Protein chains: 2
Amino acid sequence: MEQGADIARARKPTLKDVANMAGVSPMTASRVIGDKGGVSAEMTRKVHAAAKKLGYARNEAARLMRPGQRSGLLGVIVTNIDNPYYAQVLLGVEAAAKDAGRQIITGFSHNDPRLEAELVRDLSARQIEGLIVVPARADAPHLAAAAKAGMPIALASRSINHGRVDTVLVDDIGAVRTEVGKLLDEGRHPIAFLGGEPTITTAARRYAGFVQAHTDAGVEVDQRYVRQMPSEPAAVVRVTRELLAMDEPPAAFFTANNRFSINVLRVLLDPHARWTPHSTAPRLVGFDTFELADLVPYPLTLIEHDAQALGRLAAELTLRRINSAERTPPITMTMPSVGVVHGLQPNSS
Amino acid sequence: MEQGADIARARKPTLKDVANMAGVSPMTASRVIGDKGGVSAEMTRKVHAAAKKLGYARNEAARLMRPGQRSGLLGVIVTNIDNPYYAQVLLGVEAAAKDAGRQIITGFSHNDPRLEAELVRDLSARQIEGLIVVPARADAPHLAAAAKAGMPIALASRSINHGRVDTVLVDDIGAVRTEVGKLLDEGRHPIAFLGGEPTITTAARRYAGFVQAHTDAGVEVDQRYVRQMPSEPAAVVRVTRELLAMDEPPAAFFTANNRFSINVLRVLLDPHARWTPHSTAPRLVGFDTFELADLVPYPLTLIEHDAQALGRLAAELTLRRINSAERTPPITMTMPSVGVVHGLQPNSS
DNA sequence: CACCGGCTTGGTAACGATACCATGTACGAC
DNA sequence: GTCGTACATGGTATCGTTACCAAGCCGGTG
């Protein structure tokens, strides 16, 4: 049974092997495989038969060497898909890539600019046609340089400070301003802010919206309630507990992404922290949605947008550049986001 | 300002360009770039300087043409990352790939065997060194063929019927048998089964565990409570409502993956369906975990395993084959899974 | 002083696929 | 019957890189 199997791995069949078996020249076989036309039905049949018999698959690396050949690869760099948000973005990119007959090659930067720069190099070496990136930091010279060198790039969700690059953002500032504004209008004050460090542009923008809402309401932002930090779960839980233990606990929390929201929720729902009169329970407003937000037994407002559409849009910007010969000035688009009320009322039976 | 920019896209610098600028032969430049040693410090410095100045990145496609060169690419095919479960698997694969100095190239089969077969061809054409697949169906001749042709492959989570391929499974049958058995021991009967169609091996195996538990308890499986179907949310919600509306509603639900669990939960938590005496509320046991399972106001037991570890293990099996010259018989590994009690008690205050 | 050995450097060919051009063939038109 | 044209096929060169071999240079040794 097993004796027929080669011990060494079988060499992959080449176009020449197919041509030999079909009794034609490699050139004719190439035309058939590449579906270029101008080959008789007879030969086409023979070549296809030989290719099938040998299990031939074209060597993309070799094809790619010829000038003017497209790799059909789109590079994607996201920070981490631990957060389902980025999985959605990735899904949108993939859908757009597929529509354009492209394959995606994915890297995860884990929010590390060094890793991100390495990935850009590596993907570039693999002859990707374009790149979609969720940049780790606002300061990203490697991305600016790649764009300048002619690589079609689009940034998704976050932007960078220097460099002329297509970018798809979310209406962070406006939506946060509106929703935090509502809290202040209700007289909720002070409001705690938990978000990423300002080197991350979304975190910075969401904080800006938070500040603007306060300015609108004529209220000072109390810095004792502001925490700009990585969204590491244990740290978020600890910080939330600290805030709740203050002499004047926050009347509401604003969380700048779903990682913060979830872990703040964990503390707010902790049975040890029971808000005897229901009205004194802090309100929670968070950016980004998360699965099961509708089933959580705590009232919360989430500022939501379509992450998949965002990914798709970014990919389409990249593809637009791939398909056009000239360099056009970079575009920045902003996707709408909207506050959605979620959560079951606790103990309301 | 903008006038200096070329209208046409700049040609990428080649190794020859670097060599010319450094005043050495392409061969010497190649040695420096490839870190092969045997080049004087002086030349090394010059080549690196030139490479940096030109923004040179090696053309991987050209390098790859030479015989015996590895692409450094690992192909990954998952069904969809809409389900965070597969994002975890992907993350595990990526971690293992990174440890081995490999990049991953990802495709989504959307559970369509035809798409999956296309992806295998396409990835193979890109000279991937190996492949990690969550197969869409148990019947997958394209995967068996690829393995037979010498492609290092590992299957993750699901298996295929024919073909000799390394596989990492989860202890579906045993864990389901145990947990469903507990329900039956408590006298819960009938138990509804909601899971995927049996062409998906995990769905089939989890159903097998469900049946075994009944056999153990000497109880007949009542087919009126069994639904094998795609996990499309609206359909799951509808089916759950139908089951609850039966003359004898199920005393418990078993859901074969987290998509089913979540949508069954949505119905069970619907305020219109209120279980006046708490004990009559159906119990829920589900396979796979999901984020926020701990915050859901409904008692549930989830059969959990480490999806990231599973992905990593599958990748390591593929890498093992990549690194060994001979063909060894395929391995099947089974990861443990364990029932975990979750969920807040409703209205328990 | 001749020779040897080690070290550095460069020339050449080849990987697999395809663009370009040249050649061959068949058939219709005058 | 000859020529032209359209179509089918094949030969050759080439893409960027690196393995292999050859050659040059140096210092040391007999």
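Relative contact order, whole percent, for chain A stands at 17, derived from Cα pairs under 8 Å and 6 or more residues apart. Axis angle, to the nearest 10 degrees, between helix B:84-99 and the longest C-alpha principal axis of chain B: 30 degrees. A simple spin-label model places the labels of B:Thr332 and A:Thr332 5.6 nm from each other, with each point 7 Å out along Cα-to-Cβ. Close amide H pairs (under 5 Å, H built 1.01 Å from N) link B:Thr334 with B:Leu169, residues at least 5 positions away or on another chain.
Taking amide H atoms as placed 1.01 Å from N in the peptide plane, the amide H of A:Val226 lies under 5 Å from those of A:Phe193, each 5 or more residues away in sequence or on another chain. Taking the average, over residues, of other Cβ atoms within 10 Å as the packing measure, peptides A:130-137, B:180-187 rank A:130-137, B:180-187 from highest down. If a/c stays under 1.5 just call it rounded; otherwise compare a/b with b/c (prolate if a/b is bigger, oblate if not). Do that for the range B:1-114, with a ≥ b ≥ c from the square roots of the Cα gyration tensor eigenvalues. In terms of gyration-tensor shape, prolate. Computed extension gain for B:Glu186 through B:Glu291, at 0.36 nm per residue and net of the alpha carbon distance, reaches 35.0 nm. With θ taken as phi - 60° and the Karplus curve 6.51 cos²θ - 1.76 cosθ + 1.60 applied, the whole-hertz 3J(HN,Hα) list for the range A:132-146 is 10, 10, 9, x, 5, 9, 5, 9, 9, x, 5, 6, 4, 5, 4 Hz, x standing for glycine and proline.
Computed over the protein assembly as shown, the P(r) tail beyond 42 angstrom holds 36 percent of alpha carbon pairs. Per residue of A:98-106, count partner chain C-beta atoms within 10 Å of its C-beta, then hand back the mean as an integer. So the per-residue partner count for this stretch is 4. Per residue, the accessible area of the range B:172-304 comes to 40 Å² when a 1.4 Å probe rolls over the protein heavy atoms.
Sorted from closest to farthest, the other copies place their A:Ala234 label points 4.6 nm away, with each point set 7 Å from Cα along Cα→Cβ.
In loop segments of the range A:200-290 as defined by DSSP, the chymotrypsin sites (Phe, Trp or Tyr not before Pro) with at most 14 further C-beta atoms inside 10 Å of their C-beta are A:Trp275. Axis of helix A:172-185 versus longest Cα principal axis of chain A: the two differ by about 20°, to the nearest ten degrees.
Applying the criteria of a DSSP loop state and at most 14 other Cβ atoms within 10 Å to the GluC sites (Glu not before Pro) of the range B:250-330 yields B:Glu326. Taking a straight line from the alpha carbon of A:Lys52, these aspartates and glutamates sit under 13 Å away, with near neighbours fewer than eight places off in the same chain left out: A:Asp17.
When the helices in chain A are scored as -39500 (n - 2.57) per DSSP H run of 4 or longer and the sum is shared across all residues, what 222 nm value do you end up with, to the nearest 500 deg cm²/dmol?
Roughly -13000 deg cm²/dmol at 222 nm, from the helical runs in chain A.
Between helix B:201-217 and chain B there is an angle of about 30 degrees, using the helix long axis and the longest principal axis of the Cα atoms.
How much of the accessible area of the protein assembly as shown, in percent, comes from carbon and sulfur atoms when a 1.4 Å probe is used?
Carbon with sulfur: 53 percent of the solvent-accessible area.
Taken residue by residue and averaged, Cβ atoms of other chains lying within 10 Å of the Cβ of B:50-59 number 3. Across the cross-link table entries B:Lys16/B:Lys46; B:Lys16/B:Lys36; B:Lys36/B:Lys98; A:Lys12/A:Lys36; A:Lys148/B:Lys46, which are compared at the Cα atoms, the separations over 19 Å belong to B:Lys36/B:Lys98; A:Lys12/A:Lys36; A:Lys148/B:Lys46.
For B:Tyr298, the residues 5 or more places off, or on other chains, whose built amide H falls under 5 Å of its own are B:Leu344. Within 10 Å of the Cβ of each residue in B:116-129, the mean number of Cβ atoms contributed by other protein chains is 3. Rounded to the nearest 0.05, the FRET efficiency derived from the C-beta distance between B:Asp306 and A:Asp216 at R0 = 45 Å is 0.45. Taken across both chains, chains B and A shield about 5700 Å² of accessible surface from a 1.4 Å probe.
Going by the alpha-carbon gyration tensor, a ≥ b ≥ c the square roots of its eigenvalues, is the range B:172-304 rounded (a/c under 1.5) or, if a/c is not under 1.5, prolate (a/b greater than b/c) versus oblate? Could the numbers behind the result be given before it?
Working: a/c = 1.36, a/b = 1.17, b/c = 1.16.
In terms of gyration-tensor shape, rounded.
Could you list the residues of the range A:220-237 with an amide nitrogen less than 12 Å from a label point located 7 Å from the Cα of A:Glu248 in the Cα-to-C-beta direction? Inside the label zone: A:220-225.
Net charge of the neighbourhood of A:Glu60, taken over other residues with C-beta under 9 Å away and scored Lys/Arg +1, Asp/Glu -1, is +2. Ordering B:Ala149, B:Leu265, A:Leu115 by the projection of their Cα atoms onto the charge dipole of the protein assembly as shown, which places +1 on the Cβ of Lys and Arg and -1 on the Cβ of Asp and Glu, puts B:Ala149 at the extreme positive end.
For the protein assembly as shown, the antiparallel share of DSSP beta bridges with both residues in that region comes to about 15%. Need one word for the range B:181-258: rounded, prolate or oblate. Basis is the Cα gyration tensor (sqrt eigenvalues a ≥ b ≥ c); a/c below 1.5 gives rounded, then a/b vs b/c decides. Since a/c reaches 1.5 but b/c is at least a/b, the shape of the range B:181-258 is classed as oblate.
Ranking B:Met27, B:Ala61, B:Val89 by how far each Cα lies toward the positive end of the dipole of the range B:1-118 (charges on Cβ) leaves B:Met27 at the top. On full extension, the segment bounded by A:His272 and A:Arg238 gains 10.8 nm, given 0.36 nm per residue less the C-alpha separation. Straight-line reach from B:Lys182: which aspartates and glutamates have Cα under 14 Å away, leaving out those fewer than 8 places along the same chain? Candidates past the 8-residue exclusion: B:Asp216. For the range B:23-88, applying the loop criterion from DSSP together with a ceiling of 14 other beta carbons within 10 Å to the trypsin sites (Lys or Arg not before Pro) yields B:Lys36, B:Arg70.
Radius of gyration over Kirkwood radius for chain B, both on Cα atoms: the Rg/Rh ratio is 1.14.
The values are calculated or read from the model by the stated rules, or taken from the named source; none is laboratory data. Computed from a prediction, not measured in an experiment: that's the story for all the values here. A quick note on method: Cβ atoms are made from the backbone with ideal geometry, for glycine too, and the neighbour counts reach across all protein chains shown. Just so you know, the surface numbers come from the protein's heavy atoms only, side chains and all, with ligands and any DNA or RNA stripped out. Shrake-Rupley method; radii C 1.70, N 1.55, O 1.52, S 1.80 Å.
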